[in-house]
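Input: a single structure, listed below in structure tokens.
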Amino acid sequence: MSNIFILRVQSSEGTKRIDWTTQDTYKKLYEKVVDVFSLSSSDHFVLYREQNKKSPIPRSPIKTNFRHGDIIYLVSEQDNLFSKENSSSSLIIKSDKPIIKSSSQLNFLSKLLDIKEDDVDLQLEKIDGRIPRQQDPQLCRHNRHGKCLNCIPIEPYDEEYLKNHNPPIKHMSFQAYIRKLQNETSGDRHTFSSLENISCSIKDQCSTGHAPWPKGVCTKCQPNPMTLMLQPYRHVDNIMFENGNMVNRFLNYWRSAGHQRIGFLYGRYEVYDGVPLGVRAVVTAIYEPPQETSKDSVELIFPDLHEGIVDELADCLGIRRIGWIFTDLIPNDKRLGTGPVVHHRGNMNTLFLTAQECIMAGWFQNKHLNRCKYSPDGHFGSKFVTVVVTGDASGQIQFEGYQVSNQCMALVKSDILLPTYDAPELGYIKETSSEQYVPDVYYKEKDSYNNEIMKIACPLPLEYLIIDIPTGFPTANAQIQSTFNDNCSIITTPFCVENRTKINELQDMDTLALYVQQFAEIDVKNSKSNPYKATDILADLHLLLYLVVNDIFQFSMDQLNPLLNSLRTNDLKGVETWMEGDHWQTLLQLLQIELPSLSSSVNQLTHTDSEEQSSQWTCSQCTFLNNNSNQKCDIRSSVGSASSGDVSSDSSIPSQYKVLTLTFNQDCTSLAMGTPNSYSLFTIGQENKIDEIHDCDIAGCSKYSDKMETYDSVYIIERLFSSSLIALVSNQAPRKLKVCHFKKGTEILSYSFANTILAVKLNRSRLIVCLEESIYIHNMRDMKVLHSIRDIPSNRDGLCTLSSNDENPYLAYPGSTITGEVQIFDTINLKPCLMISAHESTLAAMAFDMTGTRIATASNKGTVIRIHSAVDGSRLFEFRRGVRRAATIYSLSFSPDSMFLAASSNTETIHIFRLINQKEKPSEETSSWMGSFSRLLGDVAHYLPKQTSEVLTQDRAFATVHLQSAGMKTAIAMNVFDRTLKLFVAGYDGVVYIYEVNKNEGGECKQISQYLLFNISQNSNNQQTIIANDRRSSLDGSRQIYSSNLSRKESNAVPLSSKLTNEKQADDQLYNTALQEQNFPELPSPPPGDGE
């Protein structure tokens, strides 16, 4: 650093500086002067130490003796040494084959030739742009063919013309600004003006070689100070929405929920004649990305998984993302959310954009740069616009358009512009720190004496950074054809907008069927002319996006490209041809299955062979094609019988007392039951109490009938821990998953799938839906599909399990249909982890422990139960359930501390195994006869056949439970209450047994209570009894009578949680269970006056 100094070289073209060292020679000096002045050679000039050509400097290879800061003089020996062809000016570069010697200019022109500007810029470049004027009868004295100073055309940037225009034009267009720079630098119309982008960041690597910031900095690598100025031009001069219907659809979210909303504007740029050489942004559609909304704020959720698909669709349709729009609407009556909106922004007395909005706009503009051939970087500024929906002075909704200046874009790009805490109309510049160098930022204002003074921008008025843009809609006389079907008069129910689950606006096959039905119900034959065109059906960006991203029948971009090309060119024949293709026709067939009423009127949208229709019919629930000879669906009848369980198949039991499903929640604090007529939820509390907290039957759900449809034949029901969120699947619609809030009686959303849903699993972060050959992973936060596992081995039983642990939320499902392989899948990183070879035969049951690191499995033989590590796949434990006979394992369950594992089967015995290694076993166990026998077997095991040695050496059950009868299907779970491990056995006869497990001694478990789950209908005596099956005896060997109540309001009612004894309970002992709300999507409030 100390050997490098600066020499100043003065010439007729100005003074320039060169770097110099003590080792450089005079010959090297001439070479550096040639390079810095971009000259052809050193033969046509001489360097002097003094002015007036005194003390010339030789060209010899002798070391120089200059000092730091010395000045030398360059004297030309020819007239054209600094001609235009050799000039290094950064603002003028000839376009007609210039002579370039500088590498920087060569790179600039090579980029210039490769840059493809926007079509609107190419159109404006061909326009002369000058504004014609008529002859002035008082000042012009020439004939009509002549021109003078009073009638000659003026430039598009003429300040007087822009000022006197009606209305006045505050900013010249960007193309007019380029013309102004060109005319200021040269009279040649074909010169290019190089537009340098502003940088507020320090250079990473400096040519001087000093250490990076904060250890070193110099004038070459540090950014220049910035003085904020009002930008005289704008890249977009007008914003126009093609129609008002698209904006109304966008505002309907605020009208329904009262929450603010953000959307992305898609459209095109075109020439705007309201401003000389102006550009107009025409908005054709609004896409609403995933976001968290409230009454006061909006938070975008990144990344948007569908962003690339939307951009690709828009590109094929000839449009692009041109801006963003957000609402800032406050109703005048905040309590009711009605009335006119408050005028709280949009003028000098309030604010135009807040600092946070300016930062967001600058971030978007930096992401969508304007391609420009006049910039060495290939881009300059941005055409991305911002639209704010707010209230005007009269309380009506108005639209305000803005952009931020290039200076604001530079501040945002360098991350040095910050919002203020208490003044949204002011911004703040970050201070320099060891992590970041921040240049000085100033702005000018006038003091009380009208003197212009410079102030540092801490804080700074945002008016220096904002450019307003007129925004509006087409006039009534303007004949503008909409790109999409927003103005189609026949559409009474437009297709749903994406990402609106908060207001129960869902995109699924139901809504698609209803949308198509509008067109199918039109009687075209009786109409004189077709009231709609094929383009009216499919010209909807939201619909096209759903066709690509839906989970039931997806269209690829290759399949949609012919349709998109036809829509872009408005080719009606091409759209009709595409609709006659296989893909659209297959979708229509699926819609007829989803909405049976559509079948009779969809003939004009599809072409189906009538003979084939007459001989076969399609099931409206499972899409199976049945013969007309069958009155019932073959698949549905088999599913119904398989789903009902062993006990339910008994015809002697009334249908209202048959159990279709029993499931414990993730931490064994709740039990859910589904029957042909209802579903019920029970809470498991202290003192071994089981209380009913929700019962939704056909007759008893009337209070929720206006908010949530009733459900019957629920064969899948899952509850998320102790929250109010439940997932349901019924035999009425086995392909449809419904997620509900049972306390409020509201349905959050529903998803339809291509095939029957076989299993649903929940944890705090994921929702898993298992079909026979695929698994779908949903995000619990917004219920969106994150990933789908396709082409899994056929899983007809829907066997899968999901860990409830937040740190290890693994998913397990069968990896083979031949052997007992288990596939472990990471639901957070959405990738498979490992494959575990657990058994030789196929799997029958599996379960994770509470930590998510252990998985227990059982095969269809049911004789051996193994526990493997879910992290590395190693085998940890192996237990033998029995030797005499095989069994069907119904359920596996770990204890909360992962020290015990329970297994229930179709036998009368429930086995409980203790998970303890041989080294950890107590001494009394190893000293027993069985322990000595095990040690002896271990010594001689290698002499025995493998199967024999495994049978004799595998661990047996630590504790057991013997039921009164065999064959009944059960669901089991374990939990600790009052420091005692309890085993809960829920039978498909509607009775729950509770056992106490001795953790020290094991053996036969003690039954401490049992509960009846059914709520018996009220008869004339306000009480009714059910006689239990003769094959099951009570505790004392006698026939047991179960009593229950219908109405809790009766004074003689007995709570459902009453034990099977004659013990009387007081009325004040009715349940009062507090439900802990978990982190699931926010739900809409119930209508006023409706109780939860």
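The values are calculated or read from the model by the stated rules, or taken from the named source; none is laboratory data. Fair warning: this is a prediction, and the values are worked out from it, not measured in the lab. We place every Cβ from the backbone using ideal geometry, glycine too, and count neighbours over all the protein chains shown. For the accessible areas, the whole protein counts, side chains as well, though only heavy atoms, and no ligand, DNA or RNA atoms are used. Shrake-Rupley method; radii C 1.70, N 1.55, O 1.52, S 1.80 Å.
Taking GLU184, is it within 41 Å of the chain's Cα centre (by Cα), of a type in the set (Asp, Glu) and more than 30 Å from ASP415 (Cβ to Cβ)? In short, no. Just one residue in the set GLY820, GLY852, GLY798 is open to solvent by less than 10 Å² (accessible area, probe 1.4 Å), in contact with a Cys (Cβ under 6 Å, 6 or more places away or on another chain) and not β-branched (Val, Ile, Thr); that residue is GLY798.
Taken as a whole, the structure places ILE6 among residues that are loosely packed, with under 15 Cβ neighbours inside 10 Å, aliphatic (A, V, I, L, M) and either touching a Cys at 6+ places or on another chain (Cβ under 7 Å) or assigned to a strand (DSSP E or B) (or both). Taking (1) under 22 Å from GLN398 (Cβ atoms); (2) open to solvent by 30 Å² or more (accessible area, probe 1.4 Å) in turn, ASN450 satisfies each apart from (1).
Matching residues to (1) out of contact with any His (no Cβ under 7 Å at 6 or more places or on another chain); (2) under 26 Å from HIS235 (Cβ atoms); (3) at pLDDT below 90; (4) assigned to a loop (DSSP other than H, G, I, E, B):
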{"position": "ILE100", "(1), (2), (3), (4)": "yes, no, yes, yes"}
{"position": "LEU112", "(1), (2), (3), (4)": "yes, yes, yes, no"}
{"position": "GLU117", "(1), (2), (3), (4)": "yes, yes, no, yes"}
{"position": "LEU124", "(1), (2), (3), (4)": "yes, yes, no, no"}
{"position": "ASP136", "(1), (2), (3), (4)": "yes, no, yes, yes"}
{"position": "HIS142", "(1), (2), (3), (4)": "yes, no, yes, yes"}
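Hey, among the residues in the range 371-414 that are of a type in the set (Ser, Thr, Tyr) and touching a strand residue (DSSP E or B) at 6+ places or on another chain (Cβ under 7 Å), which one's surrounded by the most Cβ atoms within 10 Å (Cβ to Cβ)? The qualifying residue surrounded by the most Cβ atoms within 10 Å (Cβ to Cβ) is THR386. Scanning for something at positive phi, in the same structural domain as ARG280 (by the TED database) and assigned to a loop (DSSP other than H, G, I, E, B), does the range 415-436 turn up at least one residue? Within the range 415-436, one or more residues are at positive phi, in the same structural domain as ARG280 (by the TED database) and assigned to a loop (DSSP other than H, G, I, E, B).
The condition (being touching a Ser or Thr at 6+ places or on another chain (Cβ under 6 Å) and at pLDDT 90 or above) is satisfied by just one residue among LYS761, LYS738, LYS743: LYS738. The set of residues from the range 855-884 being among the charged types (D, E, K, R) and either in contact (Cβ under 8 Å) with a residue 60 or more places away in the chain or surrounded by fewer than 19 Cβ atoms within 10 Å (Cβ to Cβ) (or both) comprises LYS861, ASP872, ARG875, GLU878, ARG880, ARG881, ARG884. Can you tell me which residue among SER382, SER482 is assigned by the TED database to the domain that holds LEU251, under 23 Å from ASN238 (Cβ atoms) and in a loop (DSSP other than H, G, I, E, B)? So the residue among SER382, SER482 that is assigned by the TED database to the domain that holds LEU251, under 23 Å from ASN238 (Cβ atoms) and in a loop (DSSP other than H, G, I, E, B) is SER382. Name the one entry in ASP43, ASP35 that is part of a helix (DSSP H, G or I) and either of a type in the set (Phe, Trp, Tyr) or open to solvent by 90 Å² or more (accessible area, probe 1.4 Å) (or both). From the options ASP43, ASP35, the qualifying one is ASP35.
Restricting the search to the range 764-793, which residues are within 19 Å of ILE836 (Cβ to Cβ) and part of a loop (DSSP other than H, G, I, E, B)?
Filtering the range 764-793 down to residues within 19 Å of ILE836 (Cβ to Cβ) leaves 768, 770, 775, 789, 792-793.
Scanning the range 764-793 gives ILE792, PRO793.
State whether the residues of the range 779-787 include one that is without any contact (Cβ under 8 Å) to a residue 24 or more places away in the chain, open to solvent by less than 50 Å² (accessible area, probe 1.4 Å), under 25 Å from the mean Cα position of the chain (by Cα) and closer than 28 Å to PRO303 by Cβ. Give the derivation first.
Residues of the range 779-787 without any contact (Cβ under 8 Å) to a residue 24 or more places away in the chain: 779.
If we keep only those that are open to solvent by less than 50 Å² (accessible area, probe 1.4 Å) too, we end up with 779.
Going one step further and asking which of them are under 25 Å from the mean Cα position of the chain (by Cα), we end up with 779.
Filter once more, so that each one left must be closer than 28 Å to PRO303 by Cβ: 779.
Within the range 779-787, one or more residues are without any contact (Cβ under 8 Å) to a residue 24 or more places away in the chain, open to solvent by less than 50 Å² (accessible area, probe 1.4 Å), under 25 Å from the mean Cα position of the chain (by Cα) and closer than 28 Å to PRO303 by Cβ.
With respect to the conditions (1) part of a strand (DSSP E or B); (2) crowded, with 20+ Cβ neighbours inside 10 Å, TRP254 falls short on a single one, namely (1).
Kindly provide the set of residues from the range 229-250 that are open to solvent by less than 20 Å² (accessible area, probe 1.4 Å) and either free of Cβ contacts under 8 Å to residues at least 24 places away in the same chain or of a type in the set (S, T, N, Q) (or both), ordered by number. Lay out the reasoning, then the answer.
The initial filter retains those residues of the range 229-250 that are open to solvent by less than 20 Å² (accessible area, probe 1.4 Å), namely 233-243, 246-247, 250.
Selection gives ASN238, ASN243.
Counting only residues that are assigned to a helix (DSSP H, G or I) and of a type in the set (D, E, K, R), which one in the range 547-580 is most open to solvent (accessible area, probe 1.4 Å)?
Within the range 547-580, the match that is most open to solvent (accessible area, probe 1.4 Å) is LYS573.
Checked against the criterion of being out of contact with any Leu (no Cβ under 8 Å at 6 or more places or on another chain) and closer than 30 Å to PHE473 by Cβ, the candidates ASN252, ASN224 yield just one match: ASN252.
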